[in-house]
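Student: This is the structure I want to talk about, given as structure tokens.
The values are calculated or read from the model by the stated rules, or taken from the named source; none is laboratory data. Quick caveat, the model's predicted, so the values are computed rather than measured. Counting neighbours? That spans all protein chains shown, and the Cβs are built from the backbone with ideal geometry, glycine included. Accessible surface is based on the protein model in full, side chains and every heavy atom, while ligands, DNA and RNA are left aside. Shrake-Rupley method; radii C 1.70, N 1.55, O 1.52, S 1.80 Å.
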Amino acid sequence: SASSSDCTDCDANTQSKFEGSSECVSCGAGTFSGKGSAKCLPCEAGTFSNSTGETCQACGVGQYRPSKKEDPTTCMDCPIGQSMPFNGATKCIDCIPGQFQNETGNEFCVECASGRQFNSSVPISNSS
């Protein structure tokens, strides 16, 4: 009969849920596991996986995933008025005064044109 030394660990991103199992099953999209795991876990915040048996990847620039509770198969685009210049974000950052972003999913905020300010189409006047 086979001894426990004949058993091998499941590869990373696979699982073997039951004792005496003869095969390791790929983790579903949005989940991962370490080598020798009995259980697949949701991708960490700031990461996602949209394929079965694949390692979780960092969210791209202009995107975020705030927690493990959010859909682990995708990242969300940064909302209007925010941006994210880095990969693996758990939140986006607000545009600073003098900048704006009127589209979703952007890496950077845009400088307001000379004589304009964010949230206003009225030229800035310096009259006293």
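Student: Of the accessible area of the chain, with the probe set at 1.4 angstrom, what percent is carbon plus sulfur?
Tutor: 49
Student: Can you list, by residue number, the Cys in the chain that have no neighbouring cysteine C-beta under 4.7 Å?
Tutor: 7, 112, each lacking another Cys Cβ under 4.7 Å.
Student: Once you keep just the Cα pairs under 8 angstrom separated by 6 or more residues, what percentage relative contact order results for the chain?
Tutor: It comes to 16 percent, rounded to a whole number.
Student: Using a cut-off of 20 Å between alpha-carbon atoms, which lysines can reach residue 69, once sequence neighbours fewer than 8 places away in the same chain are excluded?
Tutor: Straight-line reach from residue 69, under 20 Å: 39, 91.
Student: Against the empirical 2.2 N^0.38 Å scaling, what ratio does the C-alpha Rg of the chain come to?
Tutor: 1.65
Student: Keeping all protein chains in place, calculate the accessible area per residue for the chain (probe 1.4 angstrom), answer in Å².
Tutor: 67
Student: Starting from the Cα of residue 68, draw a straight line to each of the aspartates and glutamates and keep only those under 20 Å, dropping any in the same chain fewer than 8 residues away.
Tutor: Within the straight-line limit of under 20 Å, residue 68 reaches these aspartates and glutamates: 44, 54, 77.
Student: Given H placed on each backbone N at 1.01 Å, which residues far from residue 31 in sequence or on other chains put an amide H within less than 5 Å of it?
Tutor: Long-range HN contacts for residue 31: 43.
Student: If you don't mind, there's one more thing I want to ask. Provide 65, 116 ordered by accessible surface of protein heavy atoms (probe 1.4 Å), highest first.
Tutor: 116, 65
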